[in-house]
Amino acid sequence: MQNFVFQNRTKIIFGKDTETSVGEESAVFGKKLLLHYGGGSIKSSGLYDRVITSLQEQGIEIFELSGVQPNPRVSLVREGVSICKENNIGFILAVGGGSVIDSAKAIAAGAKYEGDVWDFFTGKQPVEECLPIGVVLTIPAAGSETSGGTVITNEEGLYKRATGHENMRPQFAILNPVLTYTLPSYQTACGITDMIAHILERYFTNEKNVELTDRLCEATLKTIINNAHTVINEPTNYNARAEIMWAGTIAHNDSLSTGRIGDWASHDIEHEISGIYDIAHGAGLAIVFPAWMKYVYKHDVNRFAQFANRVWDVEIDLNNLEKTALAGIKKIEEFFRSIGMPVTLKEANIADEHFDEMAKKATERWPLGNFVKLHEEDVRQIFNLAR
């Protein structure tokens with residue numbers, strides 16, 4: 001097990017009607033706030049009005065920036081940075097899912113920086129200071145509500161890149177499972193896939209003697225799997241929604257990372273797909289992860305067999321661990337397909353015309369991953385396996 005320091009400052013406020021406390025929580029950080037959100041869903045659901053009322057009761061001056069899209073764009077981030085600087089705004093409230101939260105984090109960093117915010121995503125400038133952020137979560141998926149990272153797409157060149165810092169972790173996150181009742185089943189499934197992928201990135205490690213976090217990863221995966229079909233088929237089942245919402249946070253709050261080194265190649269590979277094709281991140285991960293598994297499983301057949309056994313209840317064949325490992329990969333493909341996710345590029349209507357470009361862009365700064373280091377040709381082969 002590796003040495004580690006674990007600290008997650010985000011205050012979690014979980015349960016029914018918790019969004020009514022957003023004004024009280026936000027007022028701690030000042031009287032000028034940027035309210036950041038996506039489209040009209042928070043208005044049609046009544047959430048917008050409840051948030052506005054709670055903020056106004058605390059005498060908070062509200063500036064608004066809507067229009068966040070899936071795979072959030074740097075152009076909107078720049079607009080938010082300008083609003084914050086011009087109005088001396090001291091706090092950002094993100095109401096939405098991972099795209100909204102990631103956009104808010106980028107604005108928070110850009111508002112404290114004199115250069116262009118994209119510098120953070122190219123490695124030109126490390127993030128240092130950020131405005132404080134709060135979250136009302138509406139889509140359990142990305143785990144951005146407690147993480148220190150953000151992913152933004154630059155329309156120029158179709159680059160999708162990540163950056164992060166401890167100061168990007170939100171000050172508080174309000175999680176009310178009821179707010180997820182109206183999510184379309186496809187969006188729910190994309191979120192489930194995203195949180196599973198966050199766990200798998202941590203699970204497939206070269207670090208030995210990490211039994212506790214192995215078991216925590218496996219338990220969180222099984223909880224998601226056990227509740228996935230219920231939330232899709234019974235969207236107003238509070239208990240199942242609550243399990244999924246909390247699992248999505250646990251998957252990416254770094255507690256499952258302690259003492260181990262994760263991989264993250266599959267996320268980087270998927271960023272190239274969604275950067276060009278604007279596919280939902282979860283759907284892209286459902287395609288990439290099984291292909292990555294097929295490419296690397298021989299590196300540690302024992303770990304893949306353990307995954308098959310403990311997560312999918314595949315009986316271990318001691319005489320043929322490779323058979324067990326492959327059975328586990330087949331199980332996760334079947335699961336993704338069962339919740340409506342594509343598991344091949346063809347199913348997502350993506351051809352092979354950009355394979356070379358995506359493989360080159362993915363590895364132009366450094367090789368991907370830690371479990372197995374992947375270079376340009378490796379990534380190209382993974383795209384081929386994902387056809």
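Answer yes or no as to whether Glu207 is under 30 Å from Met358 (Cα atoms) and assigned to a loop (DSSP other than H, G, I, E, B).
yes
Quick one: which of Arg303, Arg365, Arg310, Arg380 is of a type in the set (D, E, K, R), under 24 Å from Tyr277 (Cβ atoms) and modelled with pLDDT of 95 or more? Full working, then the answer.
Numbers: Arg303 fails: under 24 Å from Tyr277 (Cβ atoms); Arg365 fails: modelled with pLDDT of 95 or more; Arg310 fails: under 24 Å from Tyr277 (Cβ atoms).
Of the residues listed, the single one that is of a type in the set (D, E, K, R), under 24 Å from Tyr277 (Cβ atoms) and modelled with pLDDT of 95 or more is Arg380.
Suppose we filter Gly23, Gly46, Gly40 for residues that are surrounded by fewer than 13 Cβ atoms within 10 Å (Cβ to Cβ), of a type outside the set (Lys, Arg) and at negative phi; which single one remains?
On inspection, the qualifying residue turns out to be Gly40.
Go through region 91-146 and count every residue that is over 13 Å from the mean Cα position of the chain (by Cα), polar (S, T, N, Q) and part of a loop (DSSP other than H, G, I, E, B).
2
Only one of Lys323, Lys373, Lys330 is in contact with a Pro (Cβ under 7 Å, 6 or more places away or on another chain) and either over 30 Å from Leu158 (Cβ atoms) or of a type in the set (Lys, Arg) (or both); which?
Working: Lys323 fails: in contact with a Pro (Cβ under 7 Å, 6 or more places away or on another chain); Lys330 fails: in contact with a Pro (Cβ under 7 Å, 6 or more places away or on another chain).
Among Lys323, Lys373, Lys330, only Lys373 is in contact with a Pro (Cβ under 7 Å, 6 or more places away or on another chain) and either over 30 Å from Leu158 (Cβ atoms) or of a type in the set (Lys, Arg) (or both).
Just to be sure before I move on: is Asp254 closer than 25 Å to His165 by Cβ and touching a strand residue (DSSP E or B) at 6+ places or on another chain (Cβ under 8 Å) in the structure I sent?
No: the conditions fail for Asp254.
Quick grid of which residues meet (1) among the aliphatic types (A, V, I, L, M); (2) part of a helix (DSSP H, G or I); (3) touching a residue at least 24 places away in the same chain (Cβ under 8 Å); (4) surrounded by 22 or more Cβ atoms within 10 Å (Cβ to Cβ):
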position: His271; (1), (2), (3), (4): no, yes, yes, yes
position: Ile279; (1), (2), (3), (4): yes, no, yes, yes
position: Leu285; (1), (2), (3), (4): yes, yes, yes, yes
position: Met293; (1), (2), (3), (4): yes, yes, yes, yes
position: His299; (1), (2), (3), (4): no, yes, yes, no
position: Val314; (1), (2), (3), (4): yes, no, no, no
position: Asn319; (1), (2), (3), (4): no, no, no, no
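Given Ala197, Ala141, which one is hydrophobic (A, V, I, L, M, F, W, C), within 20 Å of Ser266 (Cα to Cα) and assigned by TED's automatic domain parsing to the domain that holds Leu55?
Working: Ala197 fails: assigned by TED's automatic domain parsing to the domain that holds Leu55.
On inspection, the qualifying residue turns out to be Ala141.
Considering region 213-237 alone, what residues qualify as being of a type in the set (S, T, N, Q), surrounded by 15 or more Cβ atoms within 10 Å (Cβ to Cβ) and not in a helix (DSSP H, G or I)?
Once the filter is applied, which keeps residues that are of a type in the set (S, T, N, Q), surrounded by 15 or more Cβ atoms within 10 Å (Cβ to Cβ) and not in a helix (DSSP H, G or I), region 213-237 yields only Asn237.
For region 55-73, name all the residues that are in contact with an Asp or Glu (Cβ under 7 Å, 6 or more places away or on another chain) and polar (S, T, N, Q).
Across region 55-73, the qualifying residues are Gln58, Asn71.
Name the single residue, out of those in region 151-194 being of a type in the set (Gly, Ala, Ser) and under 24 Å from Thr122 (Cα atoms), that is surrounded by the most Cβ atoms within 10 Å (Cβ to Cβ).
Applying the filter and picking the extreme gives Gly164.
I'd like the residue in region 238-266 that is buried (at least 18 other Cβ atoms within 10 Å of the Cβ) and of a type in the set (S, T, N, Q) and, out of all such residues, is nearest to Val379 (Cα to Cα).
Ser266
Being surrounded by fewer than 19 Cβ atoms within 10 Å (Cβ to Cβ) and not in a helix (DSSP H, G or I) is the filter; apply it to region 321-348 and report the residue that is farthest from the chain's Cα centre (by Cα).
Thr344
Got a sec? Which of Ile13, Ile62 is farther than 30 Å from Glu156 by Cα, without any contact (Cβ under 8 Å) to a residue 40 or more places away in the chain and β-branched (Val, Ile, Thr)?
Within the list Ile13, Ile62, the selection yields Ile62.
Find all pairs meeting these conditions: Cβ atoms under 7 angstrom apart; at least six residues apart or on different chains; first residue within region 370-383 and farther than 13 Å from Asp263 by Cβ; second residue of a type in the set (Asp, Glu).
From residues that are farther than 13 Å from Asp263 by Cβ, the pairs are Arg380/Asp356.
Considering each residue of region 1-19, count those that are exposed (fewer than 13 other Cβ atoms within 10 Å of the Cβ) and of a type in the set (S, T, N, Q), and give that number.
Total meeting the criteria: 3.
The values are calculated or read from the model by the stated rules, or taken from the named source; none is laboratory data. This structure is a prediction, so every number in the text was calculated from the model and none was measured. In this analysis, Cβ positions are derived from the backbone assuming ideal geometry, glycine residues included, and neighbour counts consider all displayed protein chains.
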